[in-house]
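The following block contains the structure, expressed as structure tokens.
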Amino acid sequence: MPVFKYTALDATGAKKLGRLDADDAQQAAAALRAQGLFPTAVAPVERAGGDTGATGRMAWALSVPFLRPVGARELAVFTRQLGTLLRAGMPLLKALEALARQQRNESFRRVVEGLAGSIKTGDTLSAAMARHPRVFDRLYLNMIKAGEAGGVLDGVLDRLARFQEKSLHVRGKVVAAMVYPAVVLSVALVILAGLLVYVVPKFQQIFADLLKGAPLPPLTQAVLAVSDAVRHQVWLTFGVVLAGWIGFRLFRRTEAGARLVDTLVVKLPLFGDLFLKAIVARFGRTLGTLLSSGVPILPALLITRDTCGNARVAAAIMRVHERVKEGAPVARPLEATHVFPPMVTSMIEVGEQSGQLPEMLNKVADIYEEEVDNAVAGLSSLIEPVLILFLALIVGTIVIALFLPIIRIVQLLS
């Protein structure tokens, strides 16, 4: 009898690992549920020297983050199409084979063909997807498992597609808000480098010839020192910047560093409020979608924690998880974290009291996704004058630094 390895969550949300004998992955998952466990991954134990087929050939690429073969928008389209085909009455195997034939991305086509091959051998869709963790994350897998357990896979796929489309919309808005200042700052850096490398040295030679060793104003000396550093110590400057970036990335990977950086991110001028609203919208949409699909509250909170994208918010969700595990409702410990706005906790409390928590969480997500749209529109009109003032300050400082010695030269000549 085949042996399956599994990862599951118990009633308290604790992770359990192990192996069990079963005829197929579906039977293994059913046996785990009969034991009171919620399986998150069930996969056969590979035989030594066995051929893993398309999945094995993709394993190395899928294990490297920057070689992830499927984009978020591509996955959302696949999810929407699969849900539509199942709702129309097409069998799962035929739906997967049809979607595999129309994939233009070769890597994704192989993944879908691997899913169809696993279904042919008797695996469940969730067990087949569990073999591609770089394509289908924990949220995706748990929703699929909940849909299979409840016999509503097509409805869960539709909810999952809406979730992905909403997430892409919010992410696109945030990225759009960052593109304009990033482009303007890049142009400003190019102009600044041109001034320091080509313009300032010419003035430096003029000052040396006409002032004949007379002291320069402090501001001019500072600008000339920066120009010399950029021209003559470019590799040192580049090395310092690169070392600083690497140090920041390493610090960001530590628990304390991630929490500090993510706390500062939501407190940034102009952008902090936008980032916080996007995080709250993602929290509401993720948790609401999971609960609507039948995922229990404790595993749903853990998945939401892992996908929120902010260490400070993740720590707050974990504290809520511990309190809910002890029997507390969601709203009170969520309010005690002082991370989420009062309106969010109030709406969640109303949802718990009325028995409509998933619907209320999705309503929270709708409200804050609209807030993100409004914040982006407001930032677009505010960023332009701020950047103009910033550029004027930088260029103006260099111009003043170069003209101060010229005034002294004119005085000496007169």
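The values are calculated or read from the model by the stated rules, or taken from the named source; none is laboratory data. Everything quoted here is computed from the prediction, not taken from an experiment. We place every Cβ from the backbone using ideal geometry, glycine too, and count neighbours over all the protein chains shown.
Looking only at residues in region 154-165 that are at pLDDT below 85 and of a type in the set (A, V, I, L, M, F, W, C), which one is farthest from residue 362 (Cα to Cα)?
156
If you don't mind, there's one more thing I want to ask. How do the pairs read when you match residues in region 79-102 that are assigned by the TED database to the domain that holds residue 157 with residues anywhere that are exposed (fewer than 13 other Cβ atoms within 10 Å of the Cβ), using Cβ under 7 Å and keeping only pairs 6 or more apart or on different chains?
93/120
When you look at residue 295, is it part of a helix (DSSP H, G or I), of a type in the set (Val, Ile, Thr) and buried (at least 23 other Cβ atoms within 10 Å of the Cβ), yes or no?
Values: part of a helix (DSSP H, G or I): no; of a type in the set (Val, Ile, Thr): yes; buried (at least 23 other Cβ atoms within 10 Å of the Cβ): yes.
When the stated conditions are applied, residue 295 does not pass them.
Take region 312-350 and flag every residue that is on the phi > 0 side of the Ramachandran plot and not small (Gly, Ala, Ser).
Within region 312-350, 338 is the sole residue that qualifies.
Only residues in region 343-361 that are within 19 Å of residue 163 (Cβ to Cβ) count as the first member; pair them with residues that are part of a loop (DSSP other than H, G, I, E, B) and of a type outside the set (D, E, K, R), Cβ under 9 angstrom, at least 6 apart or cross-chain, and list the lot.
Qualifying pairs under 9 Å: 348/329; 348/330; 348/340; 351/330; 357/330; 358/293.
Right, another one. Quick check, is residue 398 part of a helix (DSSP H, G or I), modelled with pLDDT of 80 or more, buried (at least 17 other Cβ atoms within 10 Å of the Cβ) and touching a Cys at 6+ places or on another chain (Cβ under 8 Å)? Give the steps one after another, and end with the answer.
Details: part of a helix (DSSP H, G or I): yes; modelled with pLDDT of 80 or more: yes; buried (at least 17 other Cβ atoms within 10 Å of the Cβ): yes; touching a Cys at 6+ places or on another chain (Cβ under 8 Å): no.
No: the conditions fail for residue 398.
Can you pull out the residues in region 288-326 that are more than 17 Å from residue 344 (Cα to Cα), among the β-branched types (Val, Ile, Thr) and in contact with a Lys or Arg (Cβ under 9 Å, 6 or more places away or on another chain)?
295, 303, 307
Something else now. Could you count how many residues in region 385-403 are farther than 23 Å from residue 197 by Cβ and free of Cβ contacts under 8 Å to residues at least 12 places away in the same chain?
3
Do we find that residue 113 is of a type in the set (D, E, K, R), assigned to a helix (DSSP H, G or I), modelled with pLDDT of 85 or more and on the phi < 0 side of the Ramachandran plot in this structure?
So residue 113 fits the description; yes.
Okay, next question. Taking residue 309, is it closer than 30 Å to residue 155 by Cα, not in a helix (DSSP H, G or I) and not charged (D, E, K, R)?
yes
Here's something else I'd like to know. Is one or more of the residues making up region 61-71 modelled with pLDDT under 70, surrounded by 19 or more Cβ atoms within 10 Å (Cβ to Cβ) and under 23 Å from residue 137 (Cβ atoms)? Quick ask: steps written out before the conclusion?
From region 61-71, those modelled with pLDDT under 70 are 61-69; that's our starting set.
When the remaining residues are screened for being surrounded by 19 or more Cβ atoms within 10 Å (Cβ to Cβ), the result is 62.
Still in the running and under 23 Å from residue 137 (Cβ atoms): 62.
Yes, there is a match, as at least one residue in region 61-71 is modelled with pLDDT under 70, surrounded by 19 or more Cβ atoms within 10 Å (Cβ to Cβ) and under 23 Å from residue 137 (Cβ atoms).
Kindly evaluate residue 170 against the criterion of being in contact with a helix residue (DSSP H, G or I) (Cβ under 9 Å, 6 or more places away or on another chain) and assigned by the TED database to the domain that holds residue 275. Give the derivation first.
Values: in contact with a helix residue (DSSP H, G or I) (Cβ under 9 Å, 6 or more places away or on another chain): yes; assigned by the TED database to the domain that holds residue 275: yes.
Yes; evaluated as a whole, the condition is true for this residue.
Within region 40-56, can one find any residue that is more than 26 Å from residue 304 (Cβ to Cβ), in contact with a strand residue (DSSP E or B) (Cβ under 6 Å, 6 or more places away or on another chain) and modelled with pLDDT of 70 or more?
Scanning region 40-56 turns up at least one residue that is more than 26 Å from residue 304 (Cβ to Cβ), in contact with a strand residue (DSSP E or B) (Cβ under 6 Å, 6 or more places away or on another chain) and modelled with pLDDT of 70 or more.
Also, quick follow-up: Report, by residue number, each residue of region 323-345 that is in a helix (DSSP H, G or I) and either surrounded by 14 or more Cβ atoms within 10 Å (Cβ to Cβ) or in contact with a strand residue (DSSP E or B) (Cβ under 9 Å, 6 or more places away or on another chain) (or both).
Initially, region 323-345 is screened for residues in a helix (DSSP H, G or I), giving 323-325, 331-336, 342-345.
Matches in region 323-345: 323, 324, 325, 331, 332, 333, 334, 335, 336, 344, 345.
Let me ask something additional. Kindly provide the set of residues from region 116-139 that are buried (at least 19 other Cβ atoms within 10 Å of the Cβ), in contact (Cβ under 8 Å) with a residue 40 or more places away in the chain, part of a helix (DSSP H, G or I) and under 22 Å from the mean Cα position of the chain (by Cα), ordered by number.
139
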